[in-house]
Amino acid sequence: MKFLLRLLPVLAFGLSPALAEQYNNLYWAPPNVTVGGEEIDKILNFIFWLTLLVFIATQAVYITYLVKYRRRPGVKAHYSHGNNKLEIIWTTIPVLIFLGLAIYSNRVWKELFRNPPPDALQVNISSYQFGWDFRYPGADGKLGEVEVKGITAENKFGVKADDPAAADDFTATELVFPAGKPVHIILNARDVIHSFYVPSFRLYQDAVPGRTISWVWFEVKEPINLELACSQLCGKGHYNMKAPIRVLSQEDYDKWFDGKVKAAAQARAMDDEKSLHAAAN
Amino acid sequence: MSAITAEPPASTGQAHHPEVGFFHKYIWTYDHKMIGIQYLWTALFFLLVGGGLALLVRYQLAWPNTPVPLIGQFLPATVASDGAIIPGGYNMLVTMHATLMVFFVVMPLLIGTFGNFLIPLQIGAGDMAFPLLNELSYWLYVVSGFLILAAFFAPGGAPGTGWTAYAPLSAEAKYNGTQMGQSLWGIAIFVNGLSSIAGATNYITTVVNMRAPGMTMFRMPLTVWSLFITAILLVLAVPVLSAAAAMLFCDLNMGTSFFKPAGGGQPLLWQHLFWFFGHPEVYILILPAMGLVSEIIAVFARKPIFGYKAMVYAMIAIGFLGFIVWGHHMFVSGMNLTLSATFSVSTMFIAVPSAIKTFNWMGTVWRGSIEFTTAMCFALAFVTMFVIGGLSGIFMASTPVDLFVHHTYFIVAHFHYVIFGGSILAIFGALYFWFPKMFGCMLNETLGKVHFFLTFIFFNLAFFPMHNLGLGGMMRRIADPTVYEHLRQLQPLNQISTIGAMGLGFTTFIFLGNIIITLWNRKSHPAPDNPWHANTLEWTVPSPPGHGNFPVTPTVYHGPYEYSVPGLDKDYLPQTEPAPAHVKLEAH
């Protein structure tokens, strides 16, 4: 019974406002949260209305024909092999529509993949069976460079050993960044292909082992909590390969950042002390 | 043009063929009709297996981690534990469902069954060009079927890397944990590919060389055209997949590194090879369906096909463009971004011939005299479902939108509308249409209508909500959507879809029941030679046709769609009958 009740709003296309509120997301995409994501929504909506219109128009004609020209005694079908003028018309119109759509799409595509702004926060994301590791630039604001071939069990990110910028980098198990600031991700995979997918970002990008994907960047408008999902079948644990995404206000982010930098410095100090002791003994 | 295009086969008379024993009639036969029927039964068996797997998948998505009723405890330990499907097992179910449905159900039904049965009959030939190769092709298919089913019993279980088997997950045992299963998958695909290539070679040779006198290319039924173009696609595309499967096998078992980055290989190479095959494959799965549907619609609208030549050119265009759009599966794979833009344009253009075909089908029913037989209902529904599947494809062709919906249930909805709503509905329609010719008896029309309406309703119930699931952000191939906060609220849609899928499973048994009952009492409703008053050559011979098909090689006088010609008493004009002097046929 409870199940039937839950089905009701779906079947009746959202009748009661209370239920509609609860299931406000059944018919459409989750709200977009990124700058530029609304461009994707615009095309999505445009194609939706266009295809809906085409569907209704063609089906209206089709069904009318089916009803009107059903078999009736004494009525013979019209003998015709076609009409070349019509063929030309209904070839040209789709060509023009699709050409327009392709131009429109490619313009937005180019816009989405322009170079990341220089002040973007760089985050290195390393995906593996079945999870995500994140690496942030430390106090110097510079992320140590990645070398795909250098990825090993110890050096999970494949950080170049001699890069001084890498010294103060710190790692995290969640993706945290401030709202209103562009974030540029450097994407790697350690074993098989994974995929960075956040529906609210309108973003999907494969992470391919042996390559560094460095053209993805985004900017989230408001603080929000989301989940990062893997969207490329990567093995048994694929379905649960997720990581929290926390988009914070600049203030909260700074607090988190300072905490992380301090913790990383302490950990390094401990390591140094240990190795000093080891050397002394 | 009425030039004789081929030497008639030397002996086509039935009298030349003595009765053969059971083994040579049903098991190892050179008769293309029986080979077609062999394909039919085998593929229907795989349809049940593949459908059963789909139901398990749907059950898990609607009610995750709860024991599957009735059969849960019988599932192998690699798939389920305590009757509930486990994530690794879910991946196996998804992979095997897709592999079986594509390679062992839809291709064998469209190409194996109807290709074999119809091509010689519709072009007026006594048999295929290479009967032995033809039978070999069937048995290779059976062998590949055993190999793929064996994967379930392999140590570690069946492959769980998706039917696309993306490397390096598929190429390294330490990542997929199913070395044996994945290897069997590779071998099965390879052997299945040999079967397809053998069949396709046969079709091309037969169509080019063995047409009856007067059967010019532009007098061939659209069914033959569609199968001919499909065969060309198969010969060009399948070897690439076979090579890729062999490379995958070597990577898995022999230490090569074609696709493994650690050894200097390239994971994207697999994707390029796979989709170079995979996209023509999509059209391989739909072109023959278009041909079958065109035939049925013309016959039951009692009208010539609107724009016959436009239909042929559209199919040729689809065949050609099908080879330059594969990259649209890889917009976000890490491939060069300029390439993505190029593939986006070619993908948009491949929609044009599909639109042309749709308009021509509508033109064919316009001012017709439509009889709603079961076959016609399926064919008419095909057009609408194909329109939905085609329109939803436009979303993915637009690269920015693809960035959002790629690899979600939106895609799953899209290709099920094309492959189930398109190909499978066409296959059902074609079975109702040609069953009398195959078996000499008529399927029950009442049960047929029930089958049609339930299929239509449950199909849409099962697959339409998937569009919404995809827009809501639900990824493909995840064993349990409820682990994600933002997907949990979508569960009602998953449950509706599962109810629809169960309905479809149930409905299939009505169809099978109809076949069994009809064959059981085949004497009580025998099929006349030409039950639908159709024009093509297969309807000029008895149902079922004897060995050698045509007692006398037929001569063809005009195209296959001369219906409702003014000035004739009957509303059809078989291809073997010349038009009377006072009747003028329109050029097409």
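The values are calculated or read from the model by the stated rules, or taken from the named source; none is laboratory data. Small disclaimer: the values here were computed from a predicted structure and weren't measured. Don't worry about glycine lacking a Cβ; one is built from the backbone with ideal geometry, like all the others, and counts go over all protein chains shown. Accessible surface is based on the protein model in full, side chains and every heavy atom, while ligands, DNA and RNA are left aside. Shrake-Rupley method; radii C 1.70, N 1.55, O 1.52, S 1.80 Å.
When region B:278-306 is filtered for residues that are modelled with pLDDT of 95 or more and either over 21 Å from B:Leu233 (Cα atoms) or of a type in the set (Phe, Trp, Tyr) (or both), the ones remaining, listed by number, are B:Glu295, B:Ile296, B:Ile297, B:Ala298, B:Val299, B:Phe300, B:Ala301, B:Arg302, B:Lys303, B:Pro304, B:Ile305, B:Phe306.
In the condition set (1) closer than 25 Å to B:Gly177 by Cβ; (2) open to solvent by 10 Å² or more (accessible area, probe 1.4 Å), A:Trp215 is compliant with all but (1).
Checking every residue in region B:536-559 against the condition of being within 14 Å of chain A (Cβ to nearest Cβ) and under 28 Å from the mean Cα position of the chain (by Cα) gives at least one match.
How many residues are assigned to a helix (DSSP H, G or I) and more than 19 Å from B:Gly162 (Cβ to Cβ) if we restrict to region B:56-65?
Looking only at that region, the number is 2.
Is it the case, given these coordinates, that A:Leu248 is over 30 Å from A:Pro209 (Cα atoms) and more than 7 Å from chain B (Cβ to nearest Cβ)? So A:Leu248 fits the description; yes.
Within region B:53-74, the set of residues being over 21 Å from B:Leu490 (Cβ atoms) and either among the polar types (S, T, N, Q) or touching a residue at least 60 places away in the same chain (Cβ under 8 Å) (or both) comprises B:Gln73 only. If you go through region B:280-305 and keep only what is under 15 Å from the mean Cα position of the chain (by Cα) and open to solvent by less than 10 Å² (accessible area, probe 1.4 Å), you end up with B:Pro280, B:Glu281, B:Ile284, B:Leu285, B:Ile286, B:Leu287, B:Pro288, B:Ala289, B:Met290, B:Gly291, B:Leu292, B:Val293. Checked against the criterion of being touching a residue at least 12 places away in the same chain (Cβ under 8 Å), within 11 Å of another protein chain (Cβ to nearest Cβ) and in contact with a Gly (Cβ under 7 Å, 6 or more places away or on another chain), the candidates A:Val148, A:Val159 yield just one match: A:Val148.
Here's the yes/no breakdown for (1) touching a helix residue (DSSP H, G or I) at 6+ places or on another chain (Cβ under 7 Å); (2) in contact (Cβ under 8 Å) with a residue 12 or more places away in the chain; (3) of a type in the set (S, T, N, Q); (4) open to solvent by less than 20 Å² (accessible area, probe 1.4 Å):
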| position | (1), (2), (3), (4) |
| --- | --- |
| A:Thr173 | no, yes, yes, no |
| A:Phe177 | yes, yes, no, yes |
| A:Ala189 | no, yes, no, yes |
| A:Val192 | yes, yes, no, yes |
| A:Arg202 | yes, yes, no, yes |
| A:Gly210 | yes, yes, no, no |
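Return the residue satisfying two criteria in turn: it lies in region B:482-497 and is facing chain A (nearest Cβ under 8 Å) and under 30 Å from the mean Cα position of the chain (by Cα), and of such residues it is surrounded by the fewest Cβ atoms within 10 Å (Cβ to Cβ). This residue is B:Gln495. Of the residues making up region B:250-261, just one is free of Cβ contacts under 8 Å to residues at least 40 places away in the same chain and assigned to a helix (DSSP H, G or I), namely B:Cys250.
Conditions (1) small (Gly, Ala, Ser); (2) surrounded by fewer than 17 Cβ atoms within 10 Å (Cβ to Cβ), marked per residue:
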residue	(1), (2)
B:Pro531	no, yes
B:Gly546	yes, yes
B:Phe550	no, no
B:Thr553	no, no
B:Ala581	yes, yes
B:Lys584	no, yes
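Every condition in (1) more than 8 Å from every other protein chain (Cβ to nearest Cβ); (2) open to solvent by less than 60 Å² (accessible area, probe 1.4 Å); (3) modelled with pLDDT under 75; (4) part of a loop (DSSP other than H, G, I, E, B) holds for A:Asn25 except the one numbered (1). Just give me the residues in region B:47-101 being open to solvent by 10 Å² or more (accessible area, probe 1.4 Å), under 23 Å from B:Val418 (Cα atoms), in contact with a Gly (Cβ under 9 Å, 6 or more places away or on another chain) and of a type in the set (Val, Ile, Thr), in sequence order. Passing the criteria: only B:Val94. Residue by residue through region A:140-171, note down the ones that are open to solvent by 40 Å² or more (accessible area, probe 1.4 Å) and among the small types (Gly, Ala, Ser). Result: A:Gly141, A:Ala153, A:Ala161, A:Ala167.
Considering region A:109-125, the residues that are surrounded by 20 or more Cβ atoms within 10 Å (Cβ to Cβ) and within 12 Å of chain B (Cβ to nearest Cβ) include one that is farthest from the chain's Cα centre (by Cα), namely A:Trp109.
B:Ala77 meets each of the listed conditions (1) without any contact (Cβ under 8 Å) to a residue 60 or more places away in the chain; (2) small (Gly, Ala, Ser); (3) part of a helix (DSSP H, G or I) apart from (3). Scanning region A:220-243 for residues being over 30 Å from B:Ser170 (Cβ atoms) and within 14 Å of chain B (Cβ to nearest Cβ) gives a total of 3. Within region B:34-59, the set of residues being more than 10 Å from B:Leu109 (Cβ to Cβ) and of a type in the set (Val, Ile, Thr) comprises B:Ile35, B:Ile37, B:Val49, B:Val57.
Pairs linking a residue in region B:315-329 that is more than 18 Å from B:Trp225 (Cβ to Cβ) and at pLDDT 95 or above to a residue that is assigned to a helix (DSSP H, G or I) and open to solvent by less than 30 Å² (accessible area, probe 1.4 Å), with Cβ atoms under 6 Å and 6 or more positions apart or on different chains, do not occur.
Matching residues to (1) over 30 Å from B:Phe464 (Cβ atoms); (2) of a type in the set (A, V, I, L, M, F, W, C):
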residue: B:Asp480; (1), (2): no, no
residue: B:Leu490; (1), (2): no, yes
residue: B:Asn494; (1), (2): no, no
residue: B:Phe509; (1), (2): no, yes
residue: B:Asn549; (1), (2): yes, no
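Residues are listed down the side, and each one gets a yes or a no for (1) within 10 Å of chain B (Cβ to nearest Cβ); (2) open to solvent by 80 Å² or more (accessible area, probe 1.4 Å); (3) in contact with a helix residue (DSSP H, G or I) (Cβ under 7 Å, 6 or more places away or on another chain); (4) in a strand (DSSP E or B):
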position: A:Ile47; (1), (2), (3), (4): yes, no, yes, no
position: A:Thr64; (1), (2), (3), (4): yes, no, no, no
position: A:Thr92; (1), (2), (3), (4): yes, no, no, no
position: A:Ile103; (1), (2), (3), (4): yes, yes, no, no
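Only one of the numbered conditions (1) within 14 Å of chain A (Cβ to nearest Cβ); (2) out of contact with any helix residue (DSSP H, G or I) (no Cβ under 8 Å at 6 or more places or on another chain); (3) of a type in the set (A, V, I, L, M, F, W, C); (4) more than 24 Å from B:Phe343 (Cβ to Cβ) is not met by B:Leu268, and that is (4).
Candidates in region B:26-46 are the residues that are buried (at least 20 other Cβ atoms within 10 Å of the Cβ) and among the hydroxyl-bearing types (Ser, Thr, Tyr); of these, the one that is modelled with the lowest pLDDT is B:Thr29. Those helices (runs of 4 or more DSSP H) of region B:306-421 in which 3 or more residues are open to solvent by less than 10 Å² (accessible area, probe 1.4 Å) and at the interface with chain A (Cβ under 7 Å from one of its Cβ atoms) occupy B:337-365, B:399-405.
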